[in-house]
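Participant: One structure, pasted below without further comment.
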Amino acid sequence: MTAGSGPPSGDGLVWRTATELARLLASGELSSVELTGALIERSDAVDPGINAYLHRTDELALEAAGAADARRSRGEAASPFDGVPVAYKDIFVTRGVPTTCGSKILEGWVPPYDATVVERCHGAGLPMLGKTNLDQFAMGSSTENSGFFPSRNPWDTGRVPGGSSGGSAAAVAAGAVPWAWGTDTGGSVRQPGGLCGLVGAKPTYGRISRYGMIAFASSLDQASPLTRSVEDAAALMAIAAGHDPCDSTSIPSPAENYLDGIDGGIEGLRFGIIKEFTGEGSQPGVRARVDDAYTRLEKLGGTLQEVSMPSFQHGIPAYYLIAPAEASSNLARFDGVRYGSRVAGDTNIVTMNSMTRDEGFGAEVKRRIMIGTYALSAGFYDAYYGKAQRVRTLIIQDLRRAYESVDLIVCPTSPTTAFKLGERTDDPLAMYLSDVYTVPFNLSGNPAVSVPCGLSSDDGLPVGLQIVAKTLDEKTMFRAAYAFEKDLGFAGSPEGRPRL
Amino acid sequence: MSTAPSRVIETTIGLEIHVELATSSKMFCGCEVAFAGEPNTRTCPVCLGLPGSLPVVNERALEHTIRIARALNCDVASHSFFARKNYFYPDMPKNYQISQYERPLGAGGVLEITGDFPTRRVGITRVHLEEDTGGSLHVGGSGRIADSEYSLEDFNRAGTPLVEIVTEPDIKSADEARAFVTELRAIVEALGVSDVRMEEGSLRVDANISVRNAGETEHGAKVEVKNMNSIRSVGRALEYEEGRQRAALVSGDMPVQETRHFDEKAGTTSPMRTKEYAFDYRYFPDPDLVPFEPSDTWIASIERAMPELPVHKRSRLAEQYGLRPADIGILTTSTAIAEWFEEAASAYDGPAQKVANWIIADLFGLCNEAGIPLTECKIAPRQLAGLVRLVDSGSISGKQAKQVLGGMFATGDDAALIAEKEGLEQLSDAGELSSVVDEVIAENPDAADKVRAGQMNTVGFLVGRVMRKTKGQANPKLVTDLLTQKLAP
Amino acid sequence: MDIDSGTVDYVARLARLALSDEEREQMRAELSDILEHAGRIRALDLDGVEPTSHPVRLLNVARPDEVRPSLSQEEALACAPAAENGRFKVPRIIEEA
Ligand SMILES: [Mg+2]
Ligand SMILES: [Zn+2]
C-alpha cells in the first residue's frame, strides 16, 4: 500500500490505486506516458480474456498523457490526478470517439460533443483509455445483454462481472485501468463493484450531471465511479460532482471535497440494519461475510440498530415499472432517422422505424420498452406508473424516518457472488429480483457505496457491503467505508486481487 | 346552402391555436430562433435529440406564456410541469414532444369578442407551453405527403417555443371564429411575444366544428379542420364547413367525426386520411425537467411590464380621440397601426377623427394596392397630419388632397411640396372667386332667386357650378360664404 | 396477469417494434410474468400519498434566453443514415400502419 522506493514498473504498477499513482506522478518518479504505456500493455494482455473494452483509444490516451507530463514538468498540473488514465462506460458520450451504449443500433455513431463527466475528467487531465462494455442501454446485471459480447469476471472468467457497468468493473479489477466510470440506475455500479471486489460508489441523485450520459431511466441514472479504493472513489466522484447548468436535475449547490476528513474514523456512528432484508435467498457465504462486516463496524466503534423499511418489499415492482416506463420514452429517439443504423430504408417510415428498432435493440431492451410502453398506455397509467411513483414516496419517507435514529444504513450489495455466464439469461424476472438490495436507493436518490468485505467461503469470490448515507451526506458514507476498508485490509492485499 | 324553413340549426366551434414565440433562443437549447435559412444549420445535440442530451427551459418562454395567459384572463398555475407526449414522427427528434398536460401554465380564461354579432365571451380552456417540430419536405408525386416518394427533414424549427391555446366550444359561427383569431392575434402582437405571421406558420389555427338542431343537448359529430393559413381562410373554411354540415344535417346524411383539409384555392374542405385508432400519447411528467411554481411576485412583475392590451387601447382611443367605434376596431387590429395613428393624431391639432378617416379611407387602400403594411409605407405619420392641415387651411381641396396623398405615397415627400410641384393650389382669393361667383349667379337666375327666398339647400347646387367652372380648384367654403353674402335676402 | 397477443401487438405498434411471431409469443409470456410481479403494487391503497417523479426536489430551473453556437450542417448530418440537400432523408411518411 505504500508508494515504494525506486521507479515501480510492470505488474506492480498496474495494481496501484489512482491516489498512489497520482503521488508517483507528482514526485516525478513516474511519467503519465510510462503509466499509460504500461496500462495499454496490460490491456493487450488481459482484455482478450475478459472483453472489458468496446473501443480502445490508446493513441488519444498517449497523446493526453504526453500533455499531462508537459503540464507537470511546467508545474502546472491540471489537478492532483493529472495524467492518471481513466476509462468510461460506453454510455458516456465522447466527442469524436464512437459511442454505442452497447447496442448495435448506435453502431457507427460518432458524437459531436462530450458528456459533462468526460469534459470534467478531461479538464482534470485524465487520459481516456477507452470505452467499456455494458449491457445494452445499461439494461441488465451481467453485461450479457451487450449487443457485442459479454464481459468476463477477472476473478473467474467463467462468470459474469455483473452489470450493467461490467466492462468498467472488469477493466479495473483486471489491472487494465486504475479507475473507471460506470452508471448506476438500479445497482449497475454497486453490484459489479461487489462482484469484482471493487469499490462502486453512487452519489446522491443530481450530484453529478447526467448531460451526455445516454439516458436509461432519467430519474434514477447517476454516473458512478468504480475504483480499487474508497479514497479513489471519493476523489473521482469529486472531479465530476457539482452543479451543471446543462442538466435541469443537477443540484445547484457546489460539491464538497469528499477526501476532506475521510480518515476520521467511525467512532460513534450509528448503523441501521434493515429488518426486512432477512437474507432469505442469499448465498450463505455472502451472509457470513456481511455479518462479519457488521461485527467489524461495531469493533471500530460504531453501533448497530435495526430499522424497519416496510416499503422496501415494493422496491423491485416499483423499479421495474418506473425504469422501463422512462426507458420506453428515452429510447424512442433511436429510429434510424438521424444517427445509428437503419434497416429497410426504402420502405416507409413505419416499417423503417420498426425494423431498425427490432434489429438494433437486443431482447432485454425490447422487453423493457414493451413493459414501459404498456405501463404508460391509456388506462394503465394510474394502476402501474402512478402507483409506482407513490411507492417511491413511501420509500423516501421510510428512509427519512430511519435516518432520524441512524447515520448510515448497511446491507449486502447483492444476494450472491458472481454467477456463471448464461446461468440467469433465461429468466429475466430472476435476474431482476437480484437487484433487491440496490434499487431502493435509486428510487430514493440516496448516496450508496459498495465496499469489498472479503471473499465468500463457499466459492472464493468477492462479496460487497453496501453503505447508504443520507441525501448529500457522501462524506459520512466515504468516511465509514474508508475506516472499514482500512481495517479489513483486503483492498491492496494479494488476496484482494484476482489471479489473472 | 338550403335549410329547411322551420329548422334552427346551431353551430359549435372550438379553436386550438399554436403561437410560435419570438424568443432569441429555442425552448430547451441555445440555438437561435429564426425563420428560413439553410436547412439544419440551427441545431445542436439537444434539439436534434442526440443521445445523452438534456433540455433546460428557456425562462423568457415561460414569461411570454404567462403574459399570454394573463392577457386571456387565465389563472396562472401555482404548480405546473412539463410532460412528454409520446408518438413517432420523423420531424420530431426525440419521438416525444415536451409539452404540458395535466397542469398547463394558464387555465380558466375568457376572451370577449365583438363584431356583427352579439358580444361573445369565449372560454379559454388552457394556455400551455411546448416545443415545435422540425419541417418536412415531401419529394415526388404532387409534393403532398400522400403521394410522395420520400421526405426530407430540416430541424431548424425543431424546439422553437410554442404556446398552445385551446378554447371552449363557445364560438357560434365562422364570423365569430374569425373575430376571435383577429383579436387573439392583436393581443399576441401587442404583447410583443410573437411575429404572429400566419403565412409563415408562426400562428397556426385548427378548428373543431359541429352542428346540431337547436334544443339538442349533445354536440354533433366533431370535424377537425386543418390548413387554414390566414384569418381570411379561417373564415372561408369554417363558412364552407358550416354550410356543408348544415346541409348534411338537413338531408339526414349526418356529418361524421373526421379531420378535413381546407383547400385554399377551391375554398372547400375535404377529408384527410383518418387514423385507424385514437393516439395513445402515454403522457408522463418529463423526468429531465423539474416542476415550476411561479411566485406571485414574479407573476406580478410580469403583469406590471405588460403593454396595453387591444381591449384597453380601444376604450382609451374612444375616450381620448372620440373616434367612431368601427374605426377604433380597424385601427387596433395591430399595435403598429394604432401607434401609427396615434403619432399622426398627436401631430395634428384638430379632431383626430379626420386623421383616422384619411388612414382608413385612403391610406389603407394605397397600402393594399402596393401590398405593404402601413408601417412600411413611405409616408410618416406627421406627414399625414401635414396633409390634413393643408386641407384645413384651404390651401388645397379635399379632392386635390387625395392626389397629393398619392404623390406622398410614391415619393415620401411632404404634402406642401407635392401640392406646389403639381400646381395644386386651391383658389382661395376672394377677389378672383368673386367674379366667377357673379358669373354663376347670372347664368342661374332661378336658383339664385330660390336662395334669395331662403331655400338654403339650393346653395349647394350653385357651389357645384362654381367648382365645375374652376375645375375643382375653388375653396368650397369660401365659395359658399360668397354665395350667401351675395344672395342675402 | 395474462397479457393477450392483441395487447402485445398494440404495444409493439405503439413502440415501433417489428416483432417476429416467435418474439411476440415469448414477449407475451414474459410480460405476463413481469407484470404479474410488478402488478403486486396495484392492490396497495395509496390514496393519500403524493407521487414522486424526482428523488431530489428542485423547482423553477430555467436558463436565460441566450443564443449559443449551433452545430454546422455538416456536423448535424455527419451520422445520418441518409441525407439529401442538407436534410435528413426518410422513406415515405405514412400514418400508423
Ligand atoms: Mg400542441
Ligand atoms: Zn439546439
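The numbers here are math on the coordinates, done by the rules we state, and not lab data. Bear in mind that the values here come from a model prediction, so they are computed numbers and not experimental data. Positions of Cβ are generated from backbone atoms using ideal geometry, with glycine treated the same way; all protein chains shown enter the neighbour counts.
Participant: Looking at the P(r) of segment A:314-391, how many percent of alpha-carbon pairs lie beyond 16 Å?
Facilitator: 53
Participant: About the Cα centre, and with charges only on the beta carbon of Lys, Arg (+1) and Asp, Glu (-1), how big is the dipole of chain C? Nearest 20 debye, please.
Facilitator: Working: 12 positive and 20 negative charges, 107 e Å.
The dipole of chain C has a size of about 520 debye.
Participant: Now for a separate question. Return an integer: the convex hull volume of the alpha-carbon atoms of chain C, in Å³ per residue.
Facilitator: Numbers: hull volume 23.8 nm³, N = 97.
That works out to 245 Å³ per residue.
Participant: If you restrict to DSSP beta bridges whose two residues both lie in segment B:9-300, what percentage is antiparallel, to the nearest 5?
Facilitator: In segment B:9-300, approximately 95 percent of DSSP beta bridges are antiparallel ones.
Participant: Can you list the HN-Hα couplings for segment A:257-262, worked out from phi with the Karplus curve (6.51, -1.76, 1.60; θ = phi - 60°), rounded to whole Hz and with x for Gly and Pro?
Facilitator: 8, 5, 7, 5, x, 5
Participant: What is the angle, in °, between the Cα long axis of helix B:231-251 and the longest principal axis of the Cα atoms in chain B? Nearest 10 is fine, range 0 to 90.
Facilitator: Relative to chain B, helix B:231-251 is tipped by roughly 70 degrees.
Participant: How much net charge surrounds residue A:78 when only the other residues with a Cβ under 10 Å from the Cβ of residue A:78 are counted, with Lys and Arg +1 and Asp and Glu -1? Present the calculation step by step, with values, prior to reporting the outcome.
Facilitator: Details: positive: A:71, A:72; negative: A:76, A:82.
Its environment carries a net charge of 0.
Participant: Residues with beta-carbon under 14 Å from that of residue B:355, excluding residue B:355: net charge, scoring Lys, Arg +1 and Asp, Glu -1? Provide the component values of the computation, followed by the final result.
Facilitator: Working: positive: B:324, B:354, B:382, B:389; negative: B:327, B:339, B:342, B:343, B:349, B:362, B:392.
Result for the neighbourhood of residue B:355: -3.
Participant: Counting only C-alpha contacts under 8 Å and six or more residues apart, can you give the relative contact order of chain A as a whole percent?
Facilitator: Normalised by residue count, the contact order of chain A is 17 percent.
Participant: Based on the alpha-carbon gyration tensor of segment A:239-283 and its eigenvalue square roots a ≥ b ≥ c, which shape applies: rounded if a/c is under 1.5, prolate if not and a/b is larger than b/c, or oblate? Working shown, then result.
Facilitator: On the way: a/c = 3.23, a/b = 1.56, b/c = 2.07.
Taking the square roots of the gyration eigenvalues as a ≥ b ≥ c, segment A:239-283 is oblate.
Participant: May I ask you to sort B:250, B:256, A:436 by Cβ crowding, counting other Cβ atoms within 10 Å and putting the fewest first?
Facilitator: The order, fewest Cβ neighbours first, is B:256, B:250, A:436.
Participant: Moving to a separate point now. Using only Cα atoms, find the angle between the long axis of helix B:335-346 and the longest principal axis of chain B, and express it within 0 to 90 degrees, rounded to the nearest 10.
Facilitator: Value to nearest ten degrees: 30.
Participant: Taking 41 Å as R0, compute the FRET efficiency from the Cβ-Cβ separation of residue A:430 and residue B:79 and round it to 0.05.
Facilitator: Efficiency for this residue pair is about 0.50.
Participant: In percent, how large is the relative contact order of segment B:1-150, given Cα pairs closer than 8 Å and 6 or more residues apart?
Facilitator: Averaging sequence separation for qualifying contacts and normalising by length gives 17 percent for segment B:1-150.
Participant: Restricting everything to alpha-carbon atoms, can you work out Rg to Rh for the protein assembly as shown with a Kirkwood hydrodynamic radius?
Facilitator: With Rh from the inverse mean 1/r over Cα pairs, Rg/Rh is 1.13.
Participant: Under a plain spin-label model, where a point goes 7 Å from the Cα along Cα-to-Cβ, how far apart in nm are residue B:420 and residue C:25?
Facilitator: The modelled label-to-label distance comes out at 9.9 nm.
Participant: Going down the table (A:420/A:470; A:131/B:94; B:85/B:313), which pairs top 30 Å between alpha carbons?
Facilitator: A:420/A:470; B:85/B:313
Participant: Let me ask something else about it. For the pair residue B:142 and residue C:75, what calculated FRET efficiency results from E = 1/(1 + (r/R0)^6), where r is the Cβ-Cβ distance and R0 = 25 Å, to the nearest 0.05?
Facilitator: Once rounded, the FRET efficiency stands at 0.15.
Participant: Ranked by Cβ crowding within 10 angstrom, fewest neighbours first, how are B:254, A:128 ordered?
Facilitator: B:254, A:128
Participant: Here's another thing I want to ask about it. Would you pull out the residues with amide H under 5 Å of residue A:269's amide H, same chain only if 5 or more places away, H placed 1.01 Å from N?
Facilitator: HN-HN under 5 Å from residue A:269: A:303.
Participant: Taking 7 Å along the Cα-to-C-beta vector as the label spot, tell me the residue B:471-residue B:36 distance in nanometres, rounded to one decimal.
Facilitator: Computed distance between label sites residue B:471 and residue B:36 equals 4.6 nm.
Participant: Considering just Cα atoms, how many Å³ per residue does the convex hull of segment B:9-300 enclose?
Facilitator: Value for segment B:9-300: 148 Å³ per residue.
Participant: Working out 0.36 nm times the residue gap between residue B:301 and residue B:250, then minus their Cα-Cα distance, what length gain in nm do you get to one decimal?
Facilitator: 13.0 nm
Participant: Another question, if that's okay. Taking R0 as 56 Å, what FRET efficiency do you get between residue B:402 and residue B:121 from their Cβ-Cβ distance, rounded to the nearest 0.05?
Facilitator: Efficiency computed from Cβ-Cβ geometry: 0.85.
Participant: For A:331, A:461, which order do you get if you count the other beta carbons within 10 Å of each Cβ and list the fewest first? Don't skip to the answer; put the middle values down first.
Facilitator: Details: A:331 29, A:461 23.
If I rank by nearby Cβ atoms, fewest first, I get A:461, A:331.
Participant: Quick one: helix B:430-443 against the long Cα principal axis of chain B, what's the angle to the nearest 10°, folded into 0 to 90?
Facilitator: 80
Participant: Three principal axis extents, largest first, for the C-alpha atoms of chain A, in Å?
Facilitator: Cα spread of chain A along its principal axes, largest to smallest: 67, 55, 44 Å.
Participant: Mind checking which lysines have their Cα closer than 22 Å to the Cα of residue B:477? Skip sequence neighbours fewer than 8 apart in that chain.
Facilitator: The reachable lysines, counting only those whose Cα sits under 22 Å from residue B:477, are B:354, B:399, B:402, B:450, B:469, B:486.
Participant: Would you calculate the separation in nanometres between label points at residue B:364 and residue B:227, each defined as 7 Å from the Cα along the Cα-to-beta-carbon direction?
Facilitator: 3.1
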